[in-house]
Amino acid sequence: MNTASATSVETVQGSTRHTILKAARELIQTRSYLGFSFQDLADRVGIRKASLYHHFPSKEALGVAVLEQAMATYDKWFKAFDGTPEEGFRIYINGFRNVIGAGRRVCPAAAFIPGWDAVDSDIHQAITRLRQMQVDWLTVQLSRQGRVQDPAAVAGQVFALCQGSLIAARITGRVEDFDSSIALVRSQLGLDDPPATATDHPAGS
């Protein structure tokens, strides 16, 4: 195979992998990790079930890849962010609301929790890392802001309330229930403006 042909194959494979990950993430966020099969995913993507195994040897490997993609996107955004803490909090929270889609989806990591005892340690570790990187970034921003006495504890609370608010809104299908659930933490963070309808939050990447 010549170089041009090899490059073309790699491009197609990369594109297919991206399509699979995108479809898998949507299924995870709407049905939960245990709520779909490889056949469901193959049907969504429009390929044979056997072809999925060329890209991901198991459903667990696929789950880890979805989580690692989210971590990579967060990491890129966190490193590039150079705004005020309030700007960061606003983007972070509004991203759960608008990009993930409060009322329609839950966070990819949260979608694994109902089956926590049924998934393997690689997924446990990936979810733990995804949570910790967000808490660490929130802790830094809270320390910069200087409004709270225990930034690390409040960072964990912000993360938990964002996740819980998504779940509450998913139950009712109402984004307004996300807003009411998150209102107290928005006030605590000094965000007195109404929730935005658009954001560049990394979770949507």
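In table form, for the structure just shown:
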{"item": "Selection from the range 102-125 of residues that are open to solvent by less than 60 Å² (accessible area, probe 1.4 Å), free of Cβ contacts under 8 Å to residues at least 60 places away in the same chain and not aliphatic (A, V, I, L, M)", "result": "His124"}
{"item": "Test: residue in the range 67-82 that is within 20 Å of Phe36 (Cα to Cα), open to solvent by less than 20 Å² (accessible area, probe 1.4 Å) and part of a helix (DSSP H, G or I)", "result": "yes"}
{"item": "Ala50, sole failed condition from (1) open to solvent by 30 Å² or more (accessible area, probe 1.4 Å); (2) aliphatic (A, V, I, L, M); (3) under 15 Å from Arg131 (Cα atoms)", "result": "(3)"}
{"item": "Among (1) at pLDDT 90 or above; (2) part of a loop (DSSP other than H, G, I, E, B); (3) within 19 Å of the chain's Cα centre (by Cα), the one test that Ala198 misses", "result": "(1)"}
{"item": "Residue check for Ala23: buried (at least 16 other Cβ atoms within 10 Å of the Cβ) and in contact with a Ser or Thr (Cβ under 8 Å, 6 or more places away or on another chain)", "result": "no"}
{"item": "Any hit, the range 53-61, residues being in a helix (DSSP H, G or I), over 17 Å from Thr128 (Cα atoms), open to solvent by 50 Å² or more (accessible area, probe 1.4 Å) and not aromatic (Phe, Trp, Tyr)", "result": "yes"}
{"item": "Conditions (1) under 13 Å from the mean Cα position of the chain (by Cα); (2) closer than 22 Å to Glu87 by Cβ: number failed by Ala152", "result": "(1)"}
{"item": "Hits in the range 132-171 (condition: open to solvent by 40 Å² or more (accessible area, probe 1.4 Å), free of Cβ contacts under 8 Å to residues at least 24 places away in the same chain and assigned to a helix (DSSP H, G or I))", "result": "Gln132, Asp136, Val140, Ser143, Ala152, Ala153, Ala160, Ile171"}
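The values are calculated or read from the model by the stated rules, or taken from the named source; none is laboratory data. Because the structure is predicted, anything quoted here is derived from the model rather than measured. Please note: Cβ atoms are built from the backbone with ideal geometry, for glycine as well, and neighbour counts cover all protein chains shown. The accessibility values were calculated without ligands, DNA or RNA, using every heavy atom of the protein model including side chains. Shrake-Rupley method; radii C 1.70, N 1.55, O 1.52, S 1.80 Å.
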